[in-house]
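Some notes on the structure that comes next.
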Amino acid sequence: MSIPTTATDGRKGVQLFAVPASSVHDALTLATRRATTADAAARRRGAALDPDRATTALPAGRF
């Protein structure tokens, strides 16, 4: 999952999460749960998440 972020100074970015899931909904749920941890917030330096604009992709070679 790729979850867009916005820093306090307005810069845009993304935070990426590799999550095992059987559906996009499950992947978003897991990624959002991980994104709300203190460690994840520290890695993005407190930037705000925008999970409504999250995107997903299958790993290479998977169908």
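The values are calculated or read from the model by the stated rules, or taken from the named source; none is laboratory data. The structure presented is a predicted model; accordingly, all values stated were derived computationally and were not measured. FYI the Cβ positions are ideal-geometry reconstructions off the backbone, even for glycines, and counts take in every protein chain you see. These area figures cover heavy atoms from the full protein model, side chains too; ligands, DNA and RNA do not enter into them. Shrake-Rupley method; radii C 1.70, N 1.55, O 1.52, S 1.80 Å.
Charges only on Cβ, +1 for Lys and Arg, -1 for Asp and Glu: so what's the dipole of the chain about the Cα centre, in debye to the nearest 20?
Dipole of the chain, to the nearest 20 debye: 160 debye.
Given DSSP loops and a limit of at most 11 other Cβ atoms within 10 Å, what is the longest stretch of the chain that contains no such trypsin sites (Lys or Arg not before Pro)?
12-44
Per DSSP helix of 4 or more residues, -39500 (n - 2.57); summed, then divided by the residues of the chain. What does that give at 222 nm, rounded to the nearest 500?
-8000 deg cm²/dmol
Round to a whole number: what % of the accessible area of the chain belongs to carbon and sulfur, probe 1.4 Å?
55 percent
Binning every alpha carbon pair distance of the chain at 5 Å from zero, what are the percents per bin?
Spelled out per bin, shortest first, that is 4, 19, 29, 23, 14, 7, 3, 1.
Give, in nm to one decimal, the length gained when the segment between Asp52 and Asp26 is fully stretched (0.36 nm per residue of separation minus the Cα-Cα distance).
Full-extension gain reported as 7.9 nm.
If I fit a long axis through the Cα atoms of helix 24-35 and take the longest principal axis of the Cα atoms of the chain, what angle between them do I get, 0 to 90°, rounded to 10?
Compared with the principal axis, the helix lies near 30 degrees.
What accessible area per residue comes out for the chain, rounded to a whole number of Å², with a 1.4 Å probe?
Numbers: 4720 Å² over 63 residues.
Result: 75 Å² per residue.
Calculate, for Asp9 and Ala60, the FRET efficiency according to 1/(1 + (r/R0)^6) with r their C-beta to C-beta distance and R0 25 Å; round to the nearest 0.05. Before the final figure, lay out the partial values.
Values: r = 34 Å, r/R0 = 1.37.
The value I calculate is 0.15.
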